[in-house]
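The values are calculated or read from the model by the stated rules, or taken from the named source; none is laboratory data. A quick note: this is a predicted structure, and the numbers were derived from the prediction, not measured. Note: ideal-geometry Cβ built from the backbone for every residue, glycine included; neighbour counts use all protein chains shown. SASA here: full protein model, heavy atoms, side chains in, ligands and nucleic acids out. Shrake-Rupley method; radii C 1.70, N 1.55, O 1.52, S 1.80 Å.
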Amino acid sequence: MIQVRTLDDIVMEAQRQSINLVRFIYADLSSIIRGKATRSLRLKDRLESGIGLVKGTLAMNMLDQLQTDTGFGASGEIRLIPDPDTWTVLPYAERQAAVICDLMELDRTPWELCPRNVLKKQIARARDLGFSFQASFEPEFTIGTTVDGTFQPLDRSLCFSTEGMNKASRFINNFIDALAKQGIEVEQYYPELGHGQHEVSISHMPALKACDRQIFYRETLKGIALEMGMEAFLAPKPFEKQPGNGCHLHISAWDAYGERNLLFAESGLSPFGMKFVAGIVEHLPGLVALTAPSVNSYRRLQPSSWASAYTCWGFENREAAVRIPSVYWGQEMATTNIEVKCVDSTANPYLALAGVIAAGLDGVERNLTAPEPITCDPASLSDDEREANRCHRLPSSLMDALMELEEDKLLSSMLGSRLADTYCAVKTSECGAFGGANPEFEMTHHRNRY
Ligand code: GLU
Ligand code: MG
């Protein structure tokens, strides 16, 4: 993403690059990335006054089924208003660019259903308390091609193997180059455990930008795959017998100036960090309705699969829903962070990160004490041992998670009643649509959409 200060800069950049269409995009409640595009001839006007969108669009589920019981339908409009800082020329769509939009009422105030505004409010709240956040989403994905109607993964190599690196090198190089053209720097790459499963992680950024990058990351992955005649899936569990695709969320809390990492302590995690973790762990049952928000998500969140399945935390523990990763030597302060593992790419990143910040800050404000860190696979503990450590099974279905979300007063009020109700209606309809159907129907739809 190029930092662009003014709308005139964007118009000039569009002319210089012979941009034909500019997409005004947003992520809806099911995190389907949608939008409308404008010819660049009218760009200045459109950047200023946005593009109209029917409110009912936000009441559609991932099968485009409108949930009319939300009160949204054919009438009522908002405007898609671009954030100039997100201007991005798309390397996988010739002569096209995109801007991420806020959803605004016609009176120019933020619409109560705008997910990006939910996060902005949490960021502003944190700023008032003297905190700021850096974050990064870390998606895993599956790549391959469909031959005679059957998906063939690009490789069947072993985890972290150089064989996998060789087989995927053309795709991964193109993907990394495309991210770099958008100013998104890659941190690490490796083949993961599953067939055709790979992971490319990107550097952390201030909270809002980290979410914008997750949108462009997903777009780029699908775009490059399409360009190469391949397929790429971010779905949490694209195939029943293969490991799931997580999208772990890394977050660090800083002072208002971004100079001091408040999570850092010589001992590993500061008292502030402990309370922040305690807040996240306490809210996990409802939080997963925002971080792992699809029917398919719950195929992934199973015990002993490194995806996390219990309300617990631990240092360097890949079975813990909240993991404190090891730090880089000599950069201990800069690299101390919290990883939330029960996150996947079906999450609307703005709602997921807003939920994690709200939960963590709740822990700080209420001075919560975290349970003891777990040092083993919680599934290997007895029921009594887990109970003694407040370590409970995460909701095992989206429906259960939604009920927990409704019970969670902090997260419900963070969303606001209209958004909370619409979100639950949309997501409940997905439980209905996929619940009675065969698992292949569910997995196919999630592979295609994410
Ligand atoms: N694939 C695992 C998941 O579903 C994560 C494996 C890892 O620790 O990278 O979250
Ligand atoms: Mg991984």
Considering Glu138, Glu112, Glu94, Glu77, which residue is more than 24 Å from Leu41 (Cβ to Cβ), of a type in the set (D, E, K, R) and out of contact with any His (no Cβ under 6 Å at 6 or more places or on another chain)? Glu112
Six or more apart or on different chains, Cβ atoms under 7 Å: show the pairs whose first residue is in the range 189-207 and closer than 30 Å to Lys121 by Cβ and more than 10 Å from ligand 2 (Cβ to nearest atom) and whose second is assigned to a loop (DSSP other than H, G, I, E, B) and open to solvent by less than 10 Å² (accessible area, probe 1.4 Å). Ile202/Ile184
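Within the bounds of the range 268-285, is there any residue that is within 16 Å of ligand 1 (Cβ to nearest atom) and either part of a helix (DSSP H, G or I) or of a type in the set (S, T, N, Q) (or both)?
From the range 268-285, those within 16 Å of ligand 1 (Cβ to nearest atom) are 284; that's our starting set.
Narrowing further to those that are either part of a helix (DSSP H, G or I) or of a type in the set (S, T, N, Q) (or both): 284.
So far as the range 268-285 goes, yes, one or more of its residues are within 16 Å of ligand 1 (Cβ to nearest atom) and either part of a helix (DSSP H, G or I) or of a type in the set (S, T, N, Q) (or both).
Scan the range 218-235 and give yes if some residue there is under 13 Å from the mean Cα position of the chain (by Cα), open to solvent by 40 Å² or more (accessible area, probe 1.4 Å) and touching a residue at least 24 places away in the same chain (Cβ under 8 Å), otherwise no. If you could, list the steps in order and put the result at the bottom.
Taking the range 218-235 first, the residues under 13 Å from the mean Cα position of the chain (by Cα) are 218-219, 234-235.
Next, from what is left, pick out any that are open to solvent by 40 Å² or more (accessible area, probe 1.4 Å): 219.
Restricting the remaining residues to those that are touching a residue at least 24 places away in the same chain (Cβ under 8 Å) gives 219.
Checked the range 218-235: at least one residue is under 13 Å from the mean Cα position of the chain (by Cα), open to solvent by 40 Å² or more (accessible area, probe 1.4 Å) and touching a residue at least 24 places away in the same chain (Cβ under 8 Å).
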Being assigned to a helix (DSSP H, G or I), open to solvent by 30 Å² or more (accessible area, probe 1.4 Å) and under 30 Å from Pro236 (Cβ atoms): is that true of Asp45 here? no
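Criterion first (in contact (Cβ under 8 Å) with a residue 12 or more places away in the chain, in contact with a helix residue (DSSP H, G or I) (Cβ under 6 Å, 6 or more places away or on another chain) and under 16 Å from Tyr450 (Cα atoms)) does Cys247 satisfy it?
On the way: in contact (Cβ under 8 Å) with a residue 12 or more places away in the chain: yes; in contact with a helix residue (DSSP H, G or I) (Cβ under 6 Å, 6 or more places away or on another chain): no; under 16 Å from Tyr450 (Cα atoms): yes.
Answer is no for this residue.
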Can you name every residue in the range 301-335 that is open to solvent by 10 Å² or more (accessible area, probe 1.4 Å), within 15 Å of ligand 1 (Cβ to nearest atom) and not polar (S, T, N, Q)? Pro303, Trp306, Tyr310, Phe315, Glu316, Arg318, Glu319, Arg323, Pro325
Residue pairs meeting the criteria (Cβ under 8 Å; at least 6 apart or on separate chains; first within 15 Å of Arg79 (Cβ to Cβ), in the range 35-46; second hydroxyl-bearing (Ser, Thr, Tyr)): Gly35/Tyr26; Arg46/Thr38
List the strands (runs of 3 or more DSSP E) inside the range 90-207, counting only whole elements, that have at least 2 residues being crowded, with 21+ Cβ neighbours inside 10 Å. 96-104, 131-147, 197-202
Tell me which of these Ala437 doesn't satisfy, since it passes every other one: (1) under 22 Å from Tyr310 (Cα atoms); (2) hydrophobic (A, V, I, L, M, F, W, C); (3) not in a helix (DSSP H, G or I). (1)
Matching residues in the range 1-42 (acidic (Asp, Glu) and open to solvent by less than 50 Å² (accessible area, probe 1.4 Å)) number 2
Count of residues meeting criterion [within 15 Å of ligand 1 (Cβ to nearest atom) and within 19 Å of Arg170 (Cβ to Cβ)] in the range 197-239: 5
Looking only at the range 219-231, which residues are assigned to a helix (DSSP H, G or I) and in contact with a helix residue (DSSP H, G or I) (Cβ under 9 Å, 6 or more places away or on another chain)? Thr220, Leu221, Gly223, Ile224, Ala225, Glu227
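Give the residue that is most open to solvent (accessible area, probe 1.4 Å), with candidates limited to residues of the range 407-420 that are of a type outside the set (Gly, Ala, Ser) and over 16 Å from Val356 (Cα atoms).
Step one: of the range 407-420, the residues of a type outside the set (Gly, Ala, Ser) are 407-411, 414-415, 418-419.
Next, only the ones that are over 16 Å from Val356 (Cα atoms) stay: 407, 418-419.
Working: Glu407: 136, Arg418: 82, Leu419: 1 Å².
Only one residue tops the list, namely Glu407.
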Selection within the range 252-273 - open to solvent by 60 Å² or more (accessible area, probe 1.4 Å) and farther than 20 Å from Ile123 by Cα: Glu266, Ser267, Pro271
